[in-house]
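What follows is a single structure, written as structure tokens, with notes after it.
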Amino acid sequence: MLNLAVAGLTALEHLQRKAPPELEGAAELKLLQETASEGARQQSRPNAGQAQFVNTASGRSVGNVDTRALEEHQVAELRTCIIVGPMSDISLLDESVRLFDDFGVQVEKILTQADARLEYWVFIPPFESREAAENRIEELDSLGFDSFYISQGEVRGGISLGLFAARASADELVQRLNALGMTSKIKELQKPVSEYRLMTLVPVPPNTRKELLGLLAARDSSVEHKEIICK
């Protein structure tokens, strides 16, 4: 009986031992050395988005680098397309397309209309008959002039002697024909000029881009280019 009484008192004492109540707003207690070491770790940790670079020779920190800006630059490099042009020479355009094909780069042709170009048309006014015009064409051919019969338009029945980009060249031809007793005229024509640009449809790596642009410049140094972010 005495043993049972002692065991009961011991159990009652254990139940009465409770954990101390938690105070509202109380902070967790830490050892002083734990707090100091954690603060040191926080001070040595670089900010988010930054990386700390260390000089491997001296062991000293050379500062933090913004890795976000570095990543954005790398992403832009990987997404870079190029636009080349304008080109009005169709042969140069075709050569450029083949060059891109050789590098496995797909391109799209973009057609634009530039300002109209003034040209000068030299012609002989209409003859009374087709036969008279054909006789004059044979005579011009024997004298070394290129000409052909005009079969339609406002000067139908006349003879065309060509288009010239420079007025001086047209005037010179007219003077030569006048000296031979052949009356000719000059008509100014506004000729629209078609220009093309080539736009890559896929990103072009930096090394490939540099090599491509170098080869294009070797063909025609006047051709310009612009770098854009691919769609």
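The values are calculated or read from the model by the stated rules, or taken from the named source; none is laboratory data. For clarity, every value in this text was computed on a predicted model and none was experimentally measured. Note: ideal-geometry Cβ built from the backbone for every residue, glycine included; neighbour counts use all protein chains shown. SASA here: full protein model, heavy atoms, side chains in, ligands and nucleic acids out. Shrake-Rupley method; radii C 1.70, N 1.55, O 1.52, S 1.80 Å.
For the reader, a short list of remarks on this structure follows.
- Formal net charge of residues neighbouring D220 (Cβ-Cβ distance under 14 Å; K, R +1; D, E -1): -3
- Note on region 187-231: with neighbouring protein chains present and a 1.4 Å probe, carbon and sulfur make up 52 percent of its accessible heavy-atom surface.
- The mean sequence distance of close C-alpha pairs (under 8 Å, at least 6 residues apart), as a share of the length of region 85-231, puts its relative contact order at 38 percent.
- Taking a sphere under 9 Å around the Cβ of L92 and counting the other residues whose Cβ falls inside, with K and R at +1 and D and E at -1, yields a net charge of -3.
- Distance between the 7 Å Cα→Cβ label points at N178 and K231: 5.5 nm.
- Coarse-grained scattering of region 160-231 at q = 0.13, 0.16, 0.17 Å⁻¹, given as base-10 log I(q)/I(0) from a Debye sum over alpha-carbon atoms: -0.63, -0.72, -0.75
- Label-point gap, in nm, between E95 and Q190 - each point 7 angstrom along Cα→Cβ: 3.3
- Backbone N under 17 Å from the L163 label point (7 Å along Cα→Cβ), restricted to region 80-109: 88-91
- Mean accessible surface per residue for region 159-213, computed with a 1.4 Å probe while every protein chain stays in place, in Å²: 58
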